[in-house]
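A short worksheet on the structure shown next.
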Protein chains: 2
Amino acid sequence: MTKKATRLYPLPAREIPAEAIYEDLELPPKERQDPSRPYVVINMVSSVDGKAAIEGKASGIGDRIDRRAMRNLRSKADAVMIGANTLRAEKVSLGLDQSGPQPLAIILTETGDIPLESKLVGFERQQVLVVAPQRAAERISGRARVLAAPTTPSGGIDLGKVLSILRADYSVAALLVEGGPVLSHALISQCLADALCLTLAPKLIGGPSDQAPTILKGQLLSAEDCSSLKLLSIYLAGSELFLRYSLSPTGVASR
Amino acid sequence: MTKKATRLYPLPAREIPAEAIYEDLELPPKERQDPSRPYVVINMVSSVDGKAAIEGKASGIGDRIDRRAMRNLRSKADAVMIGANTLRAEKVSLGLDQSGPQPLAIILTETGDIPLESKLVGFERQQVLVVAPQRAAERISGRARVLAAPTTPSGGIDLGKVLSILRADYSVAALLVEGGPVLSHALISQCLADALCLTLAPKLIGGPSDQAPTILKGQLLSAEDCSSLKLLSIYLAGSELFLRYSLSPTGVASR
């Protein structure tokens, strides 16, 4: 890859090789070391009209440079997490392209219905942890390491408690979450996400929401949710934008 | 307003007063004078998760600087167009804040059901043109000037022919379209839009698509539609981004 990119913000702007997007990022940021849970970065791609997938698949939206930026983010994280829907929708890799140490791959599932062997590329060379409620754990038993997840009164996975366990027992200080929209929404609505990296691909997709969903799926976010963003950095490659924001409760700006 | 903004792209970056966003824009661009139809700019605002309205209203998404940028765009256009759904959803102004010459306000309606008097702010001091099929024209008669629109075989307004009439008979060389999502999608899918200005507000909205729609409403866009974007400029004010793109058929880059 010989393309160029520009880090437009913070100023001053400077040209970099396109493969260096997010390469200088430090996760977790020095000032955000928190012993109680990992620093959580959500990374997603969308079209300019806000669509994060076409018929369930995100892979056609970003380009080669987005793929590389995603790999750079993964290389900064201790673990990379996705929800089971995302794994069922298409073949995914949660690792780095090069050999060497890989982040822990974490799959969240309520039911245990996860096609690890057929859909997780590089399944053999990466440590995999499946987070599932006790009732679903036996469906995974023997196929991957399982974290029996604490549940909420309604029976869903308690994300806050899972993050605490990942920090305390698995040494995950920086967690990269790559969707899907249900998991990302759940983290944001519980104020469990610290940053959002959004690749804005220079295209328009259209389509109804069941065929072309947005990056978040769930109810309207309220002022108490961490839905207020502060722009941290912008990279530009061609017409593709790489936006990084911090998240905080509405009206509160934080880094 | 004493806030600052930065024009980040094209480089070099430079600081400007926040009220100057889009003030130096020339519509239509010199090299895009076309005697057959107006140069069409779509201007919309969305949250970072792609939502263009909350319960039908776009007014809560952008801030005061977005409102000013929108006024600056209007001051460059000969006419400002919206669809009737947008007018029914909330009170809108299609004019400039200051007195003096105003762009022509154009409302598109299939049915003639438009609450001009109650919803169009500044109705009295601005020329208003309602574009409606002949069958709906009598509902407007006497309330505003009416353009009896040519229709397609399926009975809808023929947007291409309407644009030609606006150029030839109303001297509209630059047309600003402020949505809603149905009208914007129709223009893009028929390759009748030249540029898209998107204000990306630093917030997350969530919610189902019927409560919080995206900027485009319609079927999936295909490679033949003008759904491929080229970034023309970026302004930044606080954490709010003002993105301007040109539109072209997929794979074709144009200015």
Q) For region B:59-109, how many residues are modelled with pLDDT under 95 and assigned to a loop (DSSP other than H, G, I, E, B)? A) 16
Q | Search result, residues across region A:1-16 that are more than 13 Å from chain B (Cβ to nearest Cβ) and open to solvent by 20 Å² or more (accessible area, probe 1.4 Å) | A | A:Met1, A:Thr2, A:Lys3
(Q) Which condition from (1) modelled with pLDDT of 90 or more; (2) touching a helix residue (DSSP H, G or I) at 6+ places or on another chain (Cβ under 9 Å) is the one that B:Ser47 breaks? (A) (2)
Q) Is there a residue in region B:194-204 that is part of a loop (DSSP other than H, G, I, E, B) and more than 10 Å from chain A (Cβ to nearest Cβ)? A) yes
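Checking the condition more than 7 Å from chain A (Cβ to nearest Cβ) and at pLDDT 95 or above, which residue from B:Ser184, B:Ser239, B:Ser222, B:Ser248 passes?
Details: B:Ser239 fails: more than 7 Å from chain A (Cβ to nearest Cβ); B:Ser222 fails: at pLDDT 95 or above; B:Ser248 fails: at pLDDT 95 or above.
On inspection, the qualifying residue turns out to be B:Ser184.
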Q: Collect the residues in region A:150-185 that are in a strand (DSSP E or B) and either open to solvent by 10 Å² or more (accessible area, probe 1.4 Å) or of a type in the set (Val, Ile, Thr) (or both), keeping them in residue-number order.
A: A:Thr151, A:Ile157, A:Val177
Q) What are the pairs, 6+ residues apart or on separate chains, where a residue within region A:210-224 that is in contact (Cβ under 8 Å) with a residue 24 or more places away in the chain has its Cβ under 6 Å from a residue that is in a strand (DSSP E or B)? A) A:Ala212/A:Ile54; A:Ile215/A:Met44; A:Ile215/A:Ser46; A:Leu216/B:Gly206; A:Gly218/B:Gly206; A:Leu221/B:Gly206
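For region A:67-91, name all the residues that are in contact (Cβ under 8 Å) with a residue 40 or more places away in the chain and over 12 Å from the mean Cα position of the chain (by Cα).
Kept after step one, since they are in contact (Cβ under 8 Å) with a residue 40 or more places away in the chain, are these residues of region A:67-91: A:68-70, A:72-74, A:76-83, A:85-86, A:89.
Matches in region A:67-91: A:Arg68, A:Ala69, A:Asn72, A:Lys76, A:Asp78, A:Asn85, A:Ala89.
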Q. Which of the residues that make up region B:44-66 are touching a residue at least 60 places away in the same chain (Cβ under 8 Å) and away from chain A (no Cβ under 13 Å)?
A. B:Ala58, B:Gly62, B:Arg64, B:Ile65, B:Asp66
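So, in region B:191-203, how many residues would count as being under 14 Å from B:Glu224 (Cα atoms), modelled with pLDDT of 95 or more and open to solvent by 10 Å² or more (accessible area, probe 1.4 Å)? Let's see the steps before the verdict.
Taking region B:191-203 and keeping what is under 14 Å from B:Glu224 (Cα atoms), we get B:191-193.
Checking the rest, the ones that are also modelled with pLDDT of 95 or more come to B:192-193.
Now narrow it down to the ones that are open to solvent by 10 Å² or more (accessible area, probe 1.4 Å): B:192.
Going through region B:191-203 one residue at a time, the tally reaches 1.
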(Q) I'm told A:Ala136 meets every condition in (1) of a type in the set (A, V, I, L, M, F, W, C); (2) under 19 Å from A:Lys217 (Cβ atoms); (3) assigned to a helix (DSSP H, G or I) except one. Can you identify the failing condition by its number? (A) (2)
**Q.** Given (1) over 25 Å from B:Asp78 (Cβ atoms); (2) of a type in the set (Val, Ile, Thr); (3) open to solvent by 20 Å² or more (accessible area, probe 1.4 Å); (4) within 14 Å of chain A (Cβ to nearest Cβ), index of the condition B:Thr214 fails
**A.** (3)
Q: Just name the residue that is farthest from A:Tyr245 (Cα to Cα) out of those in region A:39-58 that are among the β-branched types (Val, Ile, Thr) and either open to solvent by 40 Å² or more (accessible area, probe 1.4 Å) or in a strand (DSSP E or B) (or both).
A: A:Ile54
Q.
Any residue at all in region A:17-30 that's over 14 Å from the mean Cα position of the chain (by Cα), more than 30 Å from B:Ser189 (Cα to Cα), among the β-branched types (Val, Ile, Thr) and within 14 Å of chain B (Cβ to nearest Cβ)?
A. no
Q | Single condition B:Leu243 does not satisfy, out of (1) out of contact with any Lys or Arg (no Cβ under 9 Å at 6 or more places or on another chain); (2) surrounded by fewer than 24 Cβ atoms within 10 Å (Cβ to Cβ); (3) assigned to a loop (DSSP other than H, G, I, E, B); (4) in contact (Cβ under 8 Å) with a residue 24 or more places away in the chain | A | (3)
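Is region A:222-239 home to any residue that is within 30 Å of A:Ile65 (Cβ to Cβ), open to solvent by 30 Å² or more (accessible area, probe 1.4 Å) and not aliphatic (A, V, I, L, M)?
Going through region A:222-239, the residues within 30 Å of A:Ile65 (Cβ to Cβ) turn out to be A:226-239.
Those still in the list that are open to solvent by 30 Å² or more (accessible area, probe 1.4 Å) too: A:230, A:238.
Imposing the further condition that a residue be not aliphatic (A, V, I, L, M) reduces the set to A:230, A:238.
Yes, because at least one residue in region A:222-239 is within 30 Å of A:Ile65 (Cβ to Cβ), open to solvent by 30 Å² or more (accessible area, probe 1.4 Å) and not aliphatic (A, V, I, L, M).
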Q: Just give me the residues in region B:5-23 being aromatic (Phe, Trp, Tyr) and part of a loop (DSSP other than H, G, I, E, B), in sequence order.
A: B:Tyr22
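The values are calculated or read from the model by the stated rules, or taken from the named source; none is laboratory data. Worth saying up front: this structure is predicted, and the values here are computed from it rather than measured. Don't worry about glycine lacking a Cβ; one is built from the backbone with ideal geometry, like all the others, and counts go over all protein chains shown. Ligands, DNA and RNA are stripped out before the accessible areas are found, and what is left, the full protein with its side chains, is counted by its heavy atoms. Shrake-Rupley method; radii C 1.70, N 1.55, O 1.52, S 1.80 Å.
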